[in-house]
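Heads up: the structure comes next, in structure tokens.
Just so it is clear, none of the values below were taken in a lab; they were calculated from the coordinates. Since the model is a prediction, treat every value here as computed from it, not as a measurement. So basically every Cβ, Gly included, is an ideal-geometry build from the backbone, and we count neighbours across all protein chains shown.
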Amino acid sequence: MLPLTRQERRVAVFLFIVILAGAAMNYAQKRSRQLRPVFCFDQSYGKININTADAEMLREIPGVGRAIAQRIIDHRMLNGPFMDIEELRRVKGLNGSRFERLKDAVCLE
């Protein structure tokens, strides 16, 4: 074992505790993101939340296949959550009639 003074051991223990607490908080934060609701409730009952749905859930939206679902997720990861349903028009392949078909099946929360 390294010859450390009492004060150096205390500092080492303190640093270990800080690192451990930081790792625990990071884990808890990542875990809480995974537990967000996928469906919207209240007035929009049954609609899919485009800010939290995974690719499989997004594919249940009319007009959304595997490629479009992945583009929605990629857009969300690059630009953050959608603030308005109209922002979906920025996703490649979701302008025009396809957007009109899906806008009533999605919501934001």
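Table for the structure above
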| item | result |
| --- | --- |
| Tally of residues being part of a loop (DSSP other than H, G, I, E, B), under 16 Å from CYS107 (Cβ atoms) and either of a type in the set (Lys, Arg) or under 13 Å from the mean Cα position of the chain (by Cα) (or both) across segment 55-95 | 2 |
| Test: PHE99 is assigned to a helix (DSSP H, G or I) and surrounded by 12 or more Cβ atoms within 10 Å (Cβ to Cβ) | yes |
| Any hit, segment 69-91, residues being over 15 Å from ASN49 (Cβ atoms) and among the small types (Gly, Ala, Ser) | no |
